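Okay, so here's the structure we're looking at.
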Amino acid sequence: MTAVAETPQKAAPVPDGSTLITVKIARFNPEDGRGERWESFQVPVLPTDRFLNVLIYIKSYLDGTLTFRRSCAHGVCGSDAMRINGVNRLACKVLMKDLLPKSGKPLTMSVEPIRGLPVEKDLVVNMEPFFDAFRAVKPYLITSGNEPTRERIQSQADRHRFDDTTKCILCACCTTSCPVYWNDGSYFGPAAIVNAHRFIFDSRDEAAQERLDILNDVEGVWRCRTTFNCTDACPRGIQVTKAITEVKRALLFAR
Ligand code: SF4
Ligand code: SF4
Ligand code: FES
């Protein structure tokens, strides 16, 4: 995961067949004393571009100080979560062909950092509180020391119980779309619960009760209001709210 470094300005190319759009970006530099503000850029885009290409164009040709994270550019690393037109998305998964108006009307887009985490610069937030919650639920296989001499066998049915939550790429789109998390950053948040679910329901793991005890807390699963923002925001299509509900049920059943 990298923050894109400053690059020298070059003559801005205008590709054949491109459409000029306006991109409003929420800017913040803690060192310039100007506070938070919106800045607009005109960018020629092709239908085949992703929104990440648009940001890279701005950084390469219009303003080298623009700061954002990205790495894989293919929806795998989870580093370029941002609020695009008011909803959390991975910039590399937003296709411009889905947004460009057929009528040729002008298009204005907005982009802001994800909410609920401290902004460090422009679109880069401090992810530490998010990863603290992730680490707190012990997101790794725990066994009582009986080293296997061969692979740990698991039936397809047992594997299916947590298959969905193995898909998480820790992008934080879910947690930073959660109104409970915005209002109280001490809530574990949906991503941490998803990653607890992945091990709680793994038949090879022996620490499900330990994780359930951690989540049976005032800042745990009971803070969830089942508003489904997190499910809508997940770029991996994980049924986040369903996973949270399954953890709640496991807690009720364990009582
Ligand atoms: S369903 Fe729960 S965790 Fe998800 S956004 Fe709503 S309150 Fe937050
Ligand atoms: S559950 Fe989905 S939205 Fe949440 S961190 Fe994982 S991949 Fe991202
Ligand atoms: S850059 Fe890796 S998910 Fe978008």
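Test each condition in (1) within 23 Å of residue 114 (Cβ to Cβ); (2) modelled with pLDDT of 95 or more for residue 208 and report the one that comes out false. So residue 208 meets the others, but not (1).
Could you name every one of the helices (runs of 4 or more DSSP H) located completely within segment 158-255 that has at least 2 residues being within 11 Å of ligand 1 (Cβ to nearest atom) and not aliphatic (A, V, I, L, M)? Give the steps one after another, and end with the answer.
Numbers: elements: 179-183, 190-200, 208-215, 229-233, 240-254.
Qualifying helices (runs of 4 or more DSSP H): 179-183, 229-233, 240-254.
Number of residues in segment 163-177 that are in contact with a helix residue (DSSP H, G or I) (Cβ under 6 Å, 6 or more places away or on another chain), within 6 Å of ligand 2 (Cβ to nearest atom), over 14 Å from residue 231 (Cβ atoms) and open to solvent by 10 Å² or more (accessible area, probe 1.4 Å): the value is 0.
Of all residues in segment 82-104, those that are free of Cβ contacts under 8 Å to residues at least 60 places away in the same chain and aliphatic (A, V, I, L, M) have Cβ atoms under 7 Å from Cβ atoms of residues that are open to solvent by less than 40 Å² (accessible area, probe 1.4 Å) and within 16 Å of ligand 1 (Cβ to nearest atom), 6 or more apart or on another chain, in 82/114.
Listed here are the residues, each with its yes/no results for (1) touching a His at 6+ places or on another chain (Cβ under 7 Å); (2) away from ligand 2 (no atom under 14 Å from the Cβ); (3) among the small types (Gly, Ala, Ser); (4) at pLDDT 95 or above.
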| position | (1), (2), (3), (4) |
| --- | --- |
| 67 | no, yes, no, yes |
| 71 | no, yes, yes, yes |
| 80 | no, no, no, yes |
| 89 | no, no, no, yes |
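Cβ-Cβ distances below 6 Å connect the following pairs, each with a first residue in segment 187-204 that is at pLDDT 95 or above, a second residue that is part of a loop (DSSP other than H, G, I, E, B) and among the aromatic types (Phe, Trp, Tyr), and a separation of six or more residues or different chains: 198/162; 201/162; 202/162. Only one entry of 134, 130 meets the criterion of being open to solvent by 20 Å² or more (accessible area, probe 1.4 Å), among the hydrophobic types (A, V, I, L, M, F, W, C) and within 15 Å of ligand 1 (Cβ to nearest atom), and that entry is 134. Candidates are the residues of segment 197-255 that are open to solvent by less than 30 Å² (accessible area, probe 1.4 Å) and hydroxyl-bearing (Ser, Thr, Tyr); the one that is nearest to residue 89 (Cα to Cα) is 231.
The values are calculated or read from the model by the stated rules, or taken from the named source; none is laboratory data. Since the model is a prediction, treat every value here as computed from it, not as a measurement. Every residue, glycine as well, gets a Cβ built from its backbone with ideal geometry; the counts of neighbours run over all protein chains shown. Accessible surface is based on the protein model in full, side chains and every heavy atom, while ligands, DNA and RNA are left aside. Shrake-Rupley method; radii C 1.70, N 1.55, O 1.52, S 1.80 Å.
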